[in-house]
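Enquirer: Once you've had a glance at the structure underneath, I'll fire off some questions.
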Amino acid sequence: MIESLLLSAGYDIAKAGILKFTGLFSKDKIGFKSIEDFKEYDRRIETNSKAKIKIAKGVTELINNFFDISINPILLDCGSVTYYISDELLKDSVGNIVTNSIGIHSLSATITDHPITVNTIPGEVNPLVGAYVGFQTAETAKKQLTNGVGKLSKSKIAVLGLRAYDPSKGFLENTASLTDFQGALFEFSEKLIVVAQGEKFLNKAYAPILESEKFKEIFKRRVAEKSIWFVYHEPTCKLTDSQRKFYENNLNDFLSKIPSEYVINVSKK
């Protein structure tokens, strides 16, 4: 998928199969990676696509009803669900998307005559997650969420894809170089939409996006301020009894912290 998108977007690929990516916030060369390295990212994009599209439509409806991204850009993380959200927004929305996702950047380059502009946050290229990662990425996200970067007004809403959840630790990542970026979205966005496939509540990861007490403090504040939404789809795979118990324990713990009117289950839509 990403190979065909990048080729159709007109990226310069050398004979050795090396691809150059440049962040739109910076004219500097970001790095070189082989297209072959992005196959895992492609696999994640294509897995459970029907569930992801349902989540994307639910999020887009929420955004269109409550937010105006023509004035304040929306900041999307690099998850596979946000890839589908960007696809929905590119079809019929007006405004700006800010993201660290190479996939979203590439997708937007294949769509002409759309009133959405995709602005890419630069950093170190991580082909496994199809994104820019690292300190520069996190710092740029923080600036975009607090003041805006360049001529862009600040992003008042962010969409964060859940990778894993632990009741005692909060949100976790398997990609350590993404934790600061995820933490910036969770801490500094005025409004936050968390998206997840139910399978994410079965995941185990090792890297918290924030220190546990800080995560709990911000989570509690967000609930009080009514500044957090959760859009999810139940697992599409068959679960064993032990998996079902683990899933329900984690999901129910998370749901118990958010008022039901801020939770959207798109499974039956």
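Enquirer: Cβ contacts < 6 Å: first residue within 12 Å of Ser101 (Cβ to Cβ) and free of Cβ contacts under 8 Å to residues at least 60 places away in the same chain, restricted to the stretch 125-143; second residue crowded, with 24+ Cβ neighbours inside 10 Å and of a type outside the set (Val, Ile, Thr), any location; separation 6+ or different chain. Result?
Expert: Pairs that qualify, where the first residue is within 12 Å of Ser101 (Cβ to Cβ) and free of Cβ contacts under 8 Å to residues at least 60 places away in the same chain and the partner is crowded, with 24+ Cβ neighbours inside 10 Å and of a type outside the set (Val, Ile, Thr), are Ala131/Cys78; Ala131/Asn100; Ala131/Ser101; Val133/Gly123; Val133/Leu178; Thr137/Asn100; Thr137/Gly123; Thr137/Phe181.
Enquirer: For the stretch 110-123, which residues satisfy the criterion of being surrounded by 15 or more Cβ atoms within 10 Å (Cβ to Cβ) and in contact (Cβ under 8 Å) with a residue 60 or more places away in the chain?
Expert: Val118, Asn119, Thr120, Ile121, Pro122, Gly123
Enquirer: Does at least one position in the stretch 23-42 carry a residue that is at pLDDT 90 or above, more than 16 Å from the chain's Cα centre (by Cα) and either surrounded by 15 or more Cβ atoms within 10 Å (Cβ to Cβ) or under 30 Å from Trp229 (Cα atoms) (or both)?
Expert: Checked the stretch 23-42: no residue is at pLDDT 90 or above, more than 16 Å from the chain's Cα centre (by Cα) and either surrounded by 15 or more Cβ atoms within 10 Å (Cβ to Cβ) or under 30 Å from Trp229 (Cα atoms) (or both).
Enquirer: Could you list, in sequence order, all residues of the stretch 210-263 that are touching a residue at least 40 places away in the same chain (Cβ under 8 Å) and over 26 Å from Gly183 (Cβ atoms)?
Expert: Thr236, Gln243, listed by residue number.
Enquirer: Take residues that are crowded, with 20+ Cβ neighbours inside 10 Å and under 18 Å from the mean Cα position of the chain (by Cα) and tell me which of the strands (runs of 3 or more DSSP E) falling wholly in the stretch 130-237 contain 3 or more.
Expert: 131-133, 157-161, 170-173, 191-197, 228-233
Enquirer: With the structure loaded, tell me whether Leu178 is in contact (Cβ under 8 Å) with a residue 40 or more places away in the chain, touching a strand residue (DSSP E or B) at 6+ places or on another chain (Cβ under 8 Å) and under 22 Å from Glu213 (Cα atoms) or whether it fails that test.
Expert: Criteria met by Leu178.
Enquirer: Moving on to the next point. Any idea how many residues of the stretch 53-78 are in a loop (DSSP other than H, G, I, E, B) and either of a type in the set (S, T, N, Q) or modelled with pLDDT of 90 or more (or both)?
Expert: 5
The values are calculated or read from the model by the stated rules, or taken from the named source; none is laboratory data. Quick caveat, the model's predicted, so the values are computed rather than measured. Neighbour counts run over all protein chains shown; Cβ positions are idealised from the backbone, glycine included.
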